[in-house]
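Structure first, commentary second.
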Amino acid sequence: MTEIAFAPDVFTWPSDEPQLIGGRCAQCAALTFPAWPSCARCGSTEVEQHLLPRRGTLWTFTTQDFLPKEPYASGETMETFTPYGVGIVQLGDDVRVEGRLTVADPAALRIGMDLELVIVPFRTDDDGTEVMTYAFRPTQGD
Ligand SMILES: [Zn+2]
């Protein structure tokens, strides 16, 4: 089976220890995810690729209980949609990232819990290609 990333230059893949690819401003050191062509803080266009930490803590979260509108393209229908958690995750000191959570049950989530980045299947295309995306998974107290 072929596995591809849902978008280029978003995370390192394939990798046993994938990392999100952010942008770091060469002028003021601001970090962003995803990387933007110019710095939101100072306007510099000297933005370099910067690999973000794999682990972080949950800053806030919600759950997606209905099928999102386009361009969400999981291949699911209203009938087959599976709810999922969405979190804002603090990675290191400087950057917060929005992403799916591997847990959809709000009772299993709490602000400040430790999370790690994982790459998960997002959809399977008609030709059998598995499209992968990133998500955050609670770590088992380690
Ligand atoms: Zn800057």
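The values are calculated or read from the model by the stated rules, or taken from the named source; none is laboratory data. Please read these numbers as outputs of a predicted model, since none were measured by experiment. Every residue, glycine among them, receives a Cβ derived from its backbone with ideal geometry; neighbour counts consider all protein chains shown. Just so you know, the surface numbers come from the protein's heavy atoms only, side chains and all, with ligands and any DNA or RNA stripped out. Shrake-Rupley method; radii C 1.70, N 1.55, O 1.52, S 1.80 Å.
Remarks
- Evaluated against (1) more than 21 Å from residue 7 (Cα to Cα); (2) more than 16 Å from the ligand (Cβ to nearest atom), residue 97 falls short on exactly one condition, (1).
- Applying the set (1) touching an Asp or Glu at 6+ places or on another chain (Cβ under 7 Å); (2) over 19 Å from residue 90 (Cα atoms); (3) in contact (Cβ under 8 Å) with a residue 40 or more places away in the chain to residue 5 leaves exactly one unmet item: (1).
- Of all residues making up segment 23-59, the number that are aromatic (Phe, Trp, Tyr) and more than 23 Å from residue 101 (Cβ to Cβ): 1
- Search result, residues across segment 1-31 that are within 16 Å of the ligand (Cβ to nearest atom), part of a loop (DSSP other than H, G, I, E, B) and surrounded by 16 or more Cβ atoms within 10 Å (Cβ to Cβ): 30
- Residue that is nearest to the ligand (Cβ to nearest atom) [pool: residues in segment 37-67 that are at pLDDT below 95 and closer than 19 Å to residue 132 by Cα]: 64
- Exclusive hit being within 16 Å of the ligand (Cβ to nearest atom) and either within 23 Å of residue 3 (Cβ to Cβ) or open to solvent by 60 Å² or more (accessible area, probe 1.4 Å) (or both), set 34, 106, 121, 71: 34
- Reported count of residues in segment 113-126, each being of a type outside the set (Val, Ile, Thr) and at pLDDT below 95, is 5.
- Within segment 52-112, strands (runs of 3 or more DSSP E) holding 3 or more residues that are over 13 Å from the mean Cα position of the chain (by Cα): 55-64
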